[in-house]
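Working notes, beginning with the structure itself.
The values are calculated or read from the model by the stated rules, or taken from the named source; none is laboratory data. For clarity, every value in this text was computed on a predicted model and none was experimentally measured. FYI the Cβ positions are ideal-geometry reconstructions off the backbone, even for glycines, and counts take in every protein chain you see.
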Amino acid sequence: MLNRQTKALYFALTGPFMRLNGFLFRHFRAPRKPGVKVHLGPGRKHYLQGWINVDANMFSGICDVWADLRNPLPFPDATVEAMYSHHVIEHLPDLETHFLEAFRCLKPGGIYRVGGPNGDSAIRKFVDQDLEWFSDFPIKRASIGGRFENFIFCRQEHLTILTQSFLEELMLQAGFRNIRRCLPTKESRAPEIFGDCMKKEDETDFSFPHTLILEGEKPGSPR
Ligand SMILES: C[S@@+](CC[C@H](N)C(=O)[O-])C[C@H]1O[C@@H](n2cnc3c(N)ncnc32)[C@H](O)[C@@H]1O
C-alpha cells in the first residue's frame, strides 16, 4: 500500500496522462453497444472478465482503462448498463460529484452497486468493544480505538466514513432511486449481472457486515 505522500506524488506525476487517457477513451474508444458493464478500482485481485475495469494505480491495478476516478468518468452519457465499485469510493475526495458522474454514465434502468467499509457496523462494534470484529490492518494495533481508527481511516488512505444514510443521501441527490442495502456476497437486485462481483466480495459477519453495499437504479425505461 502506498503511503499518503507517495500516493500524492504518484497522482501528481501521472495526472496529465490519466486525464488525457480518460478523455480519449470517453470520446473515441468507449463502447456504445448494449450491455456495457464498468468496474471501478479493481486493484490486483478483483479484475472482472467481461467488465471494463478502470483503475489509476499502475503498480497495484490490473485493468482495461487507466483513469483517475477523481476526473470525469471515461464513459459517454447513458452508455453503461451496470457499474460496480468495492472499497474504492472512500478514497475519493468528492462523493457528490462521483455519484453524479456514475448517474450520468448509466443508461436509464442501469444499476450502480457500490460498497466500502461499513461505518454503521464499525461504530456499533466499537461501542460493544468487540476487538475481534476489527483487524489490525494496515497497522498493528492492540486497542479497540487503534483498530477502529485503522478501519475508518486506513492510514489516512480513506477520506470519509461510509454509513447507509449518508450513501443513500448522496445517491438520492444524484438522482438514483430504488436504493437498497445488500448483504455482501449474498444479495443483489440483479444477480444475473452482479453475480461475478459478489463472488469476489468477502464477508465473515452477516449480522454486522464489514462492507456496506448499496444498489441504486437510474430511473427510466428498463435496461
Ligand atoms: C482498497 S483497493 C480495492 C480493490 C478492490 N476493489 C477490492 O475490493 O479489493 C482501492 C482501489 O481503488 C483504486 N483507486 C483509488 N483511488 C483511485 C482513483 N482516484 N482513481 C482510480 N482508481 C483509484 C486503487 O488503485 C485500488 O485499486
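Out of the residues in region 84-114 that are hydroxyl-bearing (Ser, Thr, Tyr) and more than 10 Å from the ligand (Cβ to nearest atom), which is nearest to Arg26 (Cα to Cα)?
Thr97
Of the conditions (1) within 12 Å of the ligand (Cβ to nearest atom); (2) under 26 Å from Leu162 (Cα atoms); (3) out of contact with any helix residue (DSSP H, G or I) (no Cβ under 8 Å at 6 or more places or on another chain); (4) of a type outside the set (Phe, Trp, Tyr), Gly41 clears all except one; give me its number.
(3)
Please go through region 175-191 and pick out each residue that is closer than 15 Å to Phe208 by Cβ and either modelled with pLDDT under 95 or part of a loop (DSSP other than H, G, I, E, B) (or both).
The answer is Leu183, Pro184, Thr185, Lys186.
Return yes when Glu81 is closer than 23 Å to Phe176 by Cβ, more than 12 Å from the ligand (Cβ to nearest atom), surrounded by fewer than 15 Cβ atoms within 10 Å (Cβ to Cβ) and under 17 Å from the mean Cα position of the chain (by Cα) and no when it is not.
Against the criterion (closer than 23 Å to Phe176 by Cβ, more than 12 Å from the ligand (Cβ to nearest atom), surrounded by fewer than 15 Cβ atoms within 10 Å (Cβ to Cβ) and under 17 Å from the mean Cα position of the chain (by Cα)), Glu81 does not qualify.
As an exercise: evaluate Thr6 against (1) without any contact (Cβ under 8 Å) to a residue 12 or more places away in the chain; (2) β-branched (Val, Ile, Thr); (3) closer than 30 Å to Glu192 by Cβ and give the number of the one condition it does not meet.
Of (1) without any contact (Cβ under 8 Å) to a residue 12 or more places away in the chain; (2) β-branched (Val, Ile, Thr); (3) closer than 30 Å to Glu192 by Cβ, only one is false for Thr6: (3).
Can you work out which of the residues in region 5-38 that are more than 10 Å from the ligand (Cβ to nearest atom) and surrounded by 18 or more Cβ atoms within 10 Å (Cβ to Cβ) is farthest from Cys105 (Cα to Cα)?
Asn21
Which of the residues belonging to region 44-72 are under 14 Å from Glu101 (Cβ atoms), within 10 Å of the ligand (Cβ to nearest atom) and in a loop (DSSP other than H, G, I, E, B)?
Once the filter is applied, which keeps residues that are under 14 Å from Glu101 (Cβ atoms), within 10 Å of the ligand (Cβ to nearest atom) and in a loop (DSSP other than H, G, I, E, B), region 44-72 yields Ala67, Asp68, Leu69, Arg70, Asn71.
Please enumerate the residues belonging to region 190-209 that are without any contact (Cβ under 8 Å) to a residue 60 or more places away in the chain and away from the ligand (no atom under 14 Å from the Cβ).
Within region 190-209, Pro191, Glu192, Gly195, Thr204, Phe206, Ser207 meet the criteria.
Can you find a residue in region 161-170 that is within 16 Å of the ligand (Cβ to nearest atom), in a loop (DSSP other than H, G, I, E, B), surrounded by fewer than 18 Cβ atoms within 10 Å (Cβ to Cβ) and polar (S, T, N, Q)?
Within region 161-170 (the criterion being within 16 Å of the ligand (Cβ to nearest atom), in a loop (DSSP other than H, G, I, E, B), surrounded by fewer than 18 Cβ atoms within 10 Å (Cβ to Cβ) and polar (S, T, N, Q)), the answer is no, since none of the residues qualifies.
Residue by residue through region 88-135, note down the ones that are over 21 Å from the mean Cα position of the chain (by Cα) and either among the polar types (S, T, N, Q) or surrounded by fewer than 13 Cβ atoms within 10 Å (Cβ to Cβ) (or both).
The answer is Val127, Asp128, Gln129, Glu132.
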